[in-house]
Amino acid sequence: MTDAHAANARSFGAAADLYDSIRPTYPAAALRWLAGEAPVDVADLGAGTGLLTRGLVALGHRVTAVEPDEQMLTKLTASTTGIAAAHLGAAEALPLADASADVVTAGQAFHWFDRDRALPEIERVLRPGGVLAPIWNVRDESAGWVKALTEAIGDSQGERDALAATEPGYFGGVFGEVEYQVFAHEWPMDRARLVRLVQSRSYYLTADEAKRASITAVVNELVDTHPDLRGAESFAMPYKTFAFKARPV
């Protein structure tokens, strides 16, 4: 893991409230596909402020959240009810017992893990027949204004990894059989929410003030000038939600 990658991974804690208020949730159909209909024991890694955790709890699963950033974990525990447990910890050294989870999830987080260290740990905590189930929301660039947004501000590591995970070998030699499905999702937006959404991304959080101002200006210009958005008081951000189930070899 490079120093820049590690810095980006650690950037979210100071913006925990913003992250929790503006980042999209996940479609219930995707979560049912990941974890099934019957209640199971789920370990949600890189749980952040609990966006995925709460969706899994709402479906009746017994969820243990693991998050390496203390500020994010504090937000999670303050805003999430019904969890089985919450631990400060990293995917590379899980504070969980052997064979204690039926499903291990990671919402918008797996790309931050050191896979060489995390994958054996995930295998350790999975029960026989269990699955690793990372999930990513990826902006749907079939919408013209979304493509223009990406061209203006760039994509993210998560968006790149969601696509990379569809290719053989992404989950290394520890996990072999991989299934994935893509689900349509939307998140309500207006100008202020779009600006805040972009400001919750690691490339904004780690930027200097001049770069931050430039990013914000670009987003405002897009809303002012793009024919899909110009004059619109509200609109939806379309996503493709990539959901994976990987099983140990």
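Please list log₁₀ I(q)/I(0) at q = 0.21, 0.25 Å⁻¹ for the stretch 160-249, using the Debye equation with identical point scatterers on the alpha-carbon positions.
Rounded to two decimals, the profile gives -1.00, -1.17.
What is the Å³ per residue value for the convex hull set by the Cα atoms of the chain?
Cα-based convex hull of the chain, divided per residue, equals 117 Å³.
At 1.4 Å probe radius, can you tell me the per residue accessible area of the chain in Å²?
On a per-residue basis, 44 Å².
Can you bin the stretch 17-70 into rounded, prolate or oblate? Criterion: square roots of the alpha carbon gyration tensor eigenvalues sorted a ≥ b ≥ c, rounded for a/c under 1.5, prolate for a/b above b/c, oblate for the rest.
oblate
What's the magnitude of the charge dipole for the chain around its Cα centre, counting Lys and Arg as +1 and Asp and Glu as -1 at the beta-carbon? Answer in Debye, nearest 20.
300 debye
Need one number: nm distance between label points at THR206 and ALA164, each 7 Å from Cα along Cα→Cβ, rounded to one decimal.
1.3 nm
Leaving out same-chain residues fewer than 8 places away, which aspartates and glutamates sit with a Cα under 19 Å from that of LYS75?
ASP17, ASP20, ASP44, GLU67
Classify the stretch 1-143 as rounded, prolate or oblate from the Cα gyration tensor: take a ≥ b ≥ c as the square roots of its eigenvalues, call it rounded if a/c is under 1.5, otherwise prolate when a/b beats b/c and oblate if not.
Note, shape of the stretch 1-143 comes out rounded.
If you keep only loop residues by DSSP, which trypsin sites (Lys or Arg not before Pro) in the stretch 142-249 have at most 11 other Cβ atoms within 10 Å of their Cβ?
Answer by residue number: ARG230.
Which order do peptides 32-39, 89-96, 54-61, 103-110 fall in by mean Cβ count within 10 Å, highest first?
Averaged packing, sorted descending, gives the order 103-110, 54-61, 89-96, 32-39.
Relative contact order of the stretch 81-152: what whole-number percent is it, with Cα pairs under 8 angstrom and at least 6 residues apart?
34 percent
For the stretch 137-241, with all protein chains present and a 1.4 Å probe, just round the carbon and sulfur fraction of the accessible area to a whole percent.
Answer for the stretch 137-241: carbon and sulfur cover 49 percent of the accessible area.
Compute the relative contact order of the chain as a whole-number percentage, counting only Cα pairs closer than 8 Å that sit 6 or more residues apart in sequence.
The normalised contact order for the chain reaches 23 percent.
Sequence neighbours fewer than 8 away in the same chain don't count; with that in mind, list the aspartates and glutamates whose C-alpha is under 19 Å from LYS147.
Partners within reach: ASP155, GLU159, ASP161, GLU186, ASP190, GLU221, ASP224, ASP228.
Using helices alone, what [θ] at 222 nm do you get for the chain, with -39,500 (n - 2.57) per DSSP H run of 4 or more residues, divided over all residues and rounded to the nearest 500?
Dividing the helical sum by the residues of the chain leaves -11000 deg cm²/dmol.
Please report, in debye to the nearest 20, how large the charge dipole of the stretch 100-145 is about its Cα centre when each Lys and Arg carries +1 at its beta carbon and each Asp and Glu carries -1 there.
So the dipole magnitude of the stretch 100-145 works out to roughly 100 debye.
Would you work out which of HIS111, VAL125, THR166 lies farthest towards the positive end of the dipole of the stretch 97-249? Charges go on Cβ: Lys and Arg +1, Asp and Glu -1.
VAL125
Arrange the residues SER142, SER200 by how much accessible surface each exposes, largest first, with a 1.4 angstrom probe.
SER142, SER200
Where nothing but the Cβ of Lys and Arg (+1) and of Asp and Glu (-1) is charged, how large is the charge dipole of the stretch 174-222 around its Cα centre, in debye to the nearest 20?
Around 300 debye, computed over the stretch 174-222.
The values are calculated or read from the model by the stated rules, or taken from the named source; none is laboratory data. The model shown is predicted, which means the values in this text are computed figures rather than measured ones. So basically every Cβ, Gly included, is an ideal-geometry build from the backbone, and we count neighbours across all protein chains shown. Surface accessibility is based on the protein's heavy atoms, side chains included, excluding ligands, DNA and RNA. Shrake-Rupley method; radii C 1.70, N 1.55, O 1.52, S 1.80 Å.
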